[in-house]
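The values are calculated or read from the model by the stated rules, or taken from the named source; none is laboratory data. Because the structure is a prediction, the values reported are computed rather than measured. All Cβ positions, glycine included, derive from the backbone under ideal geometry; neighbour counts span all protein chains shown. Surface accessibility is based on the protein's heavy atoms, side chains included, excluding ligands, DNA and RNA. Shrake-Rupley method; radii C 1.70, N 1.55, O 1.52, S 1.80 Å.
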Amino acid sequence: MAKASKVKQKEVIIEQKTSNPISKRSQIQPTIKDATLAYIEKYKQTAMDEMKIYKIPASITLAQGILESSSGKSELTRKSNNHFGIKCHRGWEGDKTYHDDDAKGECFRVYKDPSKSFRDHSLFLKHRSRYSKLFKYNQGDYVAWAKGLSEAGYATDRRYPAKLIALIEKYDLHKYDTQVLGTAFKIDEEVKERIVFKESNKEIENLAEGFHRVKTKETLFSISKKYGLTVKELKKLNKLRSNNLYVGQKLQVVDNKTIVNKKPTTHNVKEGDTLYSISKKYNLTIQELKILNGLNSNNISVGQTLLITK
């Protein structure tokens, strides 16, 4: 009996040794999806509470928070609790921090508690006249809100509405709107398709030809940063004498000599690659990658060749 007891004890010890490292490794390396799901779980009630008071769709608030704060993991959010990238602006009397964004060392608001950031986001939209049109939309119409935010100049990225819509639908964030409203809202699929697909296609065509169209609030600094250039290189490529730009201006971001007889850029899928990680690497959206490669789902396989530019 004593021998049998020792064997059992040994087996238990072996089992503990093999299970612990796996548990620790999964804790050390949480996936982006896990981080986003954790973010939603943590802030969904806050977003719904804000919707009840200020009539801003919870889905929009959550999607903006995920996008602007990288699911709470961005450097700015970690050091300031600022989940929406709200800058100091005139009249801000709270704490401040400085962070490189469209320009170097810009001033951003600091909050003691994340919930204060969500409240400030609501007040920011509610009390600024340029966002007044948003509050005429149905609270369940996240497509209209996503497009409206972009039109009002909330973000300089013209793909911003498509990114918000993609996040809302990937994580079913619109269900939180339904919980507040008590009913679902029927989305205009034609409008959604135009935002998500046609705008992405235009951006892809521009990049394939090696140029960039200047958007609202963009600067030579922000554009050069996006394409891995210096301001000096960008000015030289475009023979610019000053830093002044205008919306719609066409800027060359790749040397013409490089474009002539240029072969398409491709990426060979490696183990651990996802559409998300590949799109981040090449400064594309997942939707753009899918359009370029005719993909109907997010499934890719090791060894598969993906087109990055035409």
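Please go through the residue pairs LYS87/LYS116; LYS87/LYS126; LYS96/LYS225; LYS236/LYS280 and name each one whose alpha carbons sit more than 19 Å apart in this structure. Mind showing how you got there, number by number?
Numbers: LYS87/LYS116 14 Å; LYS87/LYS126 16 Å; LYS96/LYS225 24 Å; LYS236/LYS280 27 Å.
Among LYS87/LYS116; LYS87/LYS126; LYS96/LYS225; LYS236/LYS280, the Cα-Cα distance tops 19 Å for LYS96/LYS225; LYS236/LYS280.
In this structure the amide hydrogen of PHE211, modeled in the peptide plane, comes within under 5 Å of the amide hydrogens of VAL253, none closer than 5 places in sequence on its chain. With only Cα atoms counted, segment 89-185 has Rg and Dmax values of 15.3, 45 Å. Placing pseudo-labels 7 Å out from each Cα toward the beta carbon at LEU295 and LYS79 gives an inter-label distance of 3.4 nm.
For the peptides 149-157, 132-140, 43-51, the ranking by packing is 43-51, 149-157, 132-140, with the highest mean count of neighbouring Cβ atoms within 10 Å listed first. What is the calculated FRET efficiency for LYS55 to LYS104, with r their C-beta to C-beta distance and R₀ = 25 Å, to the nearest 0.05? For R0 = 25 Å, the calculated efficiency reads 0.10. Quick one: net charge of CYS88's neighbours, Cβ under 9 Å, K/R +1, D/E -1? Computed value for this residue: +3. Computed from the C-beta positions of PHE124 and GLU271, the FRET efficiency with R₀ = 51 Å rounds to 0.75.
Can you tally the net charge around HIS267? Count Lys and Arg as +1, Asp and Glu as -1, for every other residue whose Cβ sits under 10 Å from the Cβ of HIS267.
Details: positive: LYS270, LYS281; negative: ASP273.
My count for the surroundings of HIS267 gives +1.
Using θ = phi - 60° in the Karplus curve 6.51 cos²θ - 1.76 cosθ + 1.60, the 3J(HN,Hα) couplings for segment 109-120 round to 6, 10, 10, 6, 9, x, 4, 5, 5, 5, 5, 5 Hz; x is entered for Gly and Pro.
Carbon and sulfur: what percent of segment 28-92's accessible surface (1.4 Å probe)? Could you put the intermediate results ahead of the total?
Working: 1590 of 3120 Å².
Whole-percent figure for carbon plus sulfur exposure: 51.
Between SER242 and LYS280, the contour length at 0.36 nm per residue exceeds the Cα-Cα span by 10.6 nm. In this calculation the C-beta distance from ALA35 to GLU151 is compared with R0 = 25 Å, giving a FRET efficiency of 0.25. Summarising the label geometry, the points placed 7 Å from Cα in the beta-carbon direction at VAL191 and THR216 lie 1.7 nm from one another.
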